[in-house]
Amino acid sequence: MNSHQQANRFTQRELQVIMSGGTRLENANPLIFQRSGDRLLTATDEDEDAADPIDDREIFDLIRSINDPEHPLSLKELNVVEQMRVNVNDEESTVSVEFTPTIPHCSMATLIGLSLKVKLLRSLPDRFKIDVHITPGTHASEDAVNKQLADKERVAAALENSQLLEVVNQCLSTRTM
Amino acid sequence: MAADNSVLLGLVEEFVSGQVDSKAAETSTGVKNGQFTILQLVEALGVSLSSSQPQTRGRGVQLLSQVLQECYSSLSEREVEVLLAFYENRLKDHYVIIPHVLQGLKALTKCSVLPPGSAVSVLKSIFQDIHVQSLMLAERSCVYNILISLMESKEEELKGLGADFIFGFVQSVDGERDPRNLLLAFQVARNIIQRGYDLGKFVEELFEVMSCYFPIDFSPPPSDPRGITQEELVLSLRAVLTGTSQFAEFLLPLIIEKLDSDIQSAKVDSLQTLFVSCVQVSQTASERVESAGLSALSALVSCLSRSVLNSDSEDVLQVFLSLVLKDCQHHLCEPDLKLVWPSAKLLQAAAGASYRASLIVSAAIIPALLEQYNNRTQCAHRRTLLEVLQGFVQPTALSRPDSVLVAFQQSLCGVVFSALTESSAGLQVTATRVLSALGQQPGLMAQTDVEKAVDHLSRLILEEDDPKLSSAVVECSGSLAHLHPKAFISRLIPRLKEEILSGQSDAAVRQRCVTALASVSSLPSVVQESAPVLLQVCGFSVEEVAAVCISLQKIAEHARDSEEIGRFFHDIIIPHLLGLCLQAALQTRDAGQPSERKKQHLWDSTCHSFTSPQVEIPEIDRLLLQLEDLSCTCTHLFSFTSAAKCFAGLVNKRPAGTHRIYLLPQSHALNFVISVELENTSSAQRTQAFTLLLWVSKALLLRYHPLSTALTDQLFALLSDPALGSQAADGFGVLMSDCLDVLNRGCHADVRIMYRQRFFAENSTKLVQGFNSAEQVKVNELLPLLLEALSCADQAVQLSTLSCLQPVLLEPPEALRNQLEALFSRLLALTTSPAMKVRIASLQCVHALSRLPEHTVLPFRARVLKALAVPLDDKKRLVRKEAVAARAEWFLLGSPGGR
């Protein structure tokens, strides 16, 4: 199977999930965690001359407010993402994010991963190599999802689908609260 | 006949096989006597000519050629044709035969009965089959002689060959070394040039092949039987090199190069060649070549002038110049004056090269010219001569007081004065030019001469109406007045004044008088006399007043740096003008166009006189009062605007502290006028008050005066005024732009360099407030200002503008839509500013812009996303945060599920 066909299949499956998701929640009562506060400003932040390297917290701040596709909650609130599972190396331009689906059979896992990936793509300088994957042992089809998220072409093809893009964009929209 | 035949065979046999040379002469005699015919001879030679031995064939051809040399004249055309065909064919034969073949051809080409086409075919064969320079001396000579003979008899045919002929000749002669042959070759070349052969594209080749002998260095061997001299060669070559103007461009550089030669004779040869070529070249049409030739001559003379003289040696310069003079002088005297100009140019170029040269040339030429002038009666001739004379009289950088001209001073002046009284305008014009030239050199005009000249000029101004002559007279008066002011004050000005005031003269005469007065007024002493006269003209028609004002303006412009004249203007002229102005203002309430023009000139001249800061303006307070009054009460747009500008110009230049009185509430009308008139919305004078306010604000803003803030605040307040709002918005444009007529550095205004930045720094908040509160029309005017503030280099200004702009962008006014392009480019540029706060603020603005209606900003999406990728990698986290937020919004823009 060539990669394009794979990409199409990836898209098709996510679409089915999106369509069905509108009617029934897979995990109706998730555990809700406290939202973390904003990062505190330091003197270094205000100093014109000091360089602030991109750190784990900064990456975490980028993704913590992403909306969950199912719930009116952020990924942080659902503990899908945690700062300890974010790993960035500014000098080597690499970033690695692990996310933990709320339930092991969560059909939204790919969509969440895609949102994370797109958010980082849009927010980080293009020198970064972005790796988004499921926290090991937390999802039934972990390998398949990771493989899809690691494939640039599949991600690009998915984003060409306007329905999928719409959902991703909704996840990335800043909620007015 | 049989006997003759055997005799002939015997002769041939003895010559060819027996090597008895004398038999050739016997054979010739036989042919001449009619004993045998050429045909018989050829038949008899048959065996030898077809022998397989080259020597035998050569001997045969030799006999035939020697016989032909004796009896070529008796040949028939048919015989010549056959023989030529034979000889042309033999050119391809063995080399030992070639010399004899050429001898034969040489004899044949002397024939008078050459058949048509034969010349071309002979030459083609020679050029094709023979390498001339590998032949022996005598044979080469043969070839040149053949060329010369054919050029004599078959010129038309050779010209038909076109450039091929030139090329053939160039190839044949290239490398010739023998002087005898060179003479022949030079002769061929001279024929080519003089008889108008088409050189085609071989001009340079022909020149190269000839010029390589230049300069000729030849010392004949003591026992030279031919008696060729160096002189002969030199003249012959020079005739070639200077023979055509087509060579000029190659010749001049060559000569200049050879002038550096160490060999004395080479130098002399170069100089003489140069001279001949200059004369030739001057007659040609090419200006470029002519000027190159002239500058070469000039350089040469200046070089010779520097040569060191020995006590016993001849002065090289003198020798050379006498050569030049000899050649040129007679052209000046020829009746038709045909070569006057080329000669005059040569002489002037020589004279202009050094002081000594000018002495020598002028001493010889000027008397000749003067004499010629007096001998001629035709105006055209006299004019030409006078023009030539002008060239010699014209002062140059080399002129010294003890000029040779002093000796001719009397006669020069005499000639000029006589020319000034002639009836021909052209001659008179030239005479005025000579007069200016004379006047500019001290010692050339005695006091009486100057007075005479001034009288002539006055007369011409009053009497002559030819426009060219008038302007020449005016120009001459101007230049003389600068050097001889007294004569003009005592003679010209009173006379013109009398004429003007007599009231009897017509307008054209008065106009000329006015122009002349303006032109002579360059020195303070003259201005003091002339300006009052000009002012007196102001009683006449509007056009004349305008003309007077233009004249005064000219004087003022001329006198920009003269303090004395400036003071005089302020003392005398300006009060007058102001009076006139007021008068005019009163009149114009019901007058038409012309008076507006008049006033414009009045104001122009006034503004011009306000230029010098060090000039103390008398009664400045009164002047300010008048200006202020005029600016507030006058209804004529131009007048009150100009008055306001003048007022502002003066206020700007007043020393610190003194002008407070005009602005403080309790003291003066300005405040009264501005506040009262502006507050009274029904007042008819609001526009005037506003104009004054605007210009005074600008005057103070430029010099960082503390009061400017109060005034600009008033302007800001006016933005919401229903009647004046849009004018107020326009007014900010006036404040920020450079003004051409007043309040600029050219007017010596007090302008601080950073006034714009300062203004923005202090006022951008107000500007944005005004922007928000103002109506649509005014916003259009203010936006460019805001944008300008953004492109201002000062970071504080950028920051304050950005922080003001951001809230505006959240609810953007309609007018912004037309300025998006400019706004985006400025904001995006600021996202990489060195100042962190500016980066943050600009990113916030870019973020805010994403909320504008989608269709207006969507075209910028790609550009913004690309530009925002840069600050994503900013070294400051706070900047990255804003960039991420803004970029996220721009990604959502126009995307499904976005906005």
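Laboratory data are not the source of any read-out in this text; all were calculated from the coordinates shown. Since this is a predicted model, take the numbers as computed values, not measurements. A quick note on method: Cβ atoms are made from the backbone with ideal geometry, for glycine too, and the neighbour counts reach across all protein chains shown.
Annotations for the structure displayed:
- Between B:LEU483 and B:GLU249, the modelled label-to-label distance comes to 4.2 nm, taking each label 7 Å out from Cα in the direction of the beta carbon.
- Pair B:SER76, A:ASP47: separation of 7 Å Cα→Cβ label points (nm): 12.3 nm
- Cα gyration tensor shape for the range B:16-95, rounded if a/c is under 1.5, else prolate or oblate: oblate
- For the range B:76-81, 3J(HN,Hα) per residue [Karplus equation, 6.51 cos²θ - 1.76 cosθ + 1.60, θ = phi - 60°, Hz, x = Gly/Pro]: 8, 4, 4, 4, 4, 4
- Antiparallel bridge percentage (DSSP; both residues within the range A:36-155; nearest 5): 45 percent
- Those residues of the range B:376-395 whose amide nitrogen sits under 12 Å from the label point placed on B:GLU422, 7 Å along Cα→Cβ: B:376-390
- Estimated at 0.36 nm per residue, the fully extended path between B:GLN528 and B:LYS326 surpasses their Cα-Cα distance by 67.4 nm.
- Cα gyration tensor, the range B:155-196 - rounded (a/c under 1.5), prolate or oblate: oblate
- If you plug the beta carbon distance of B:VAL96 and B:GLN69 into 1/(1 + (r/R0)^6) with R0 = 22 Å, you get a FRET efficiency near 0.70.
- Packing-based ranking, highest mean first, of B:473-483, B:202-212, B:373-383 given that Cβ atoms within 10 Å are counted: B:473-483, B:202-212, B:373-383
- Value of Rg to Rh for the range A:20-177 (Rh from inverse mean 1/r over Cα pairs, i.e. Kirkwood): 0.97
- Cα shape, the range B:44-156, gyration tensor, a/c 1.5 rule: oblate
- Extended-chain gain in nm, criterion 0.36 nm per residue less alpha-carbon gap, B:GLU208 and B:ALA25: 61.5 nm
- Per-pair calculated FRET efficiency, R0 = 60 Å: B:TRP341 and B:ASN818 via Cβ, rounded to 0.05: 0.40
- Contour excess over end-to-end distance, with Cα ends at B:LYS468 and B:ILE256 and 0.36 nm allotted per residue: 72.1 nm
- Using the Cβ-Cβ distance between B:THR856 and B:LYS554 with R0 set to 60 Å, the FRET efficiency works out to roughly 0.65.
- Qualifying trypsin sites (Lys or Arg not before Pro) for the range A:50-159 [loop in DSSP, other Cβ within 10 Å: at most 10]: none
- Once both labels are positioned 7 Å from their Cα atoms along Cα-to-Cβ, the gap between B:GLN378 and B:ASP794 label points is 7.6 nm.
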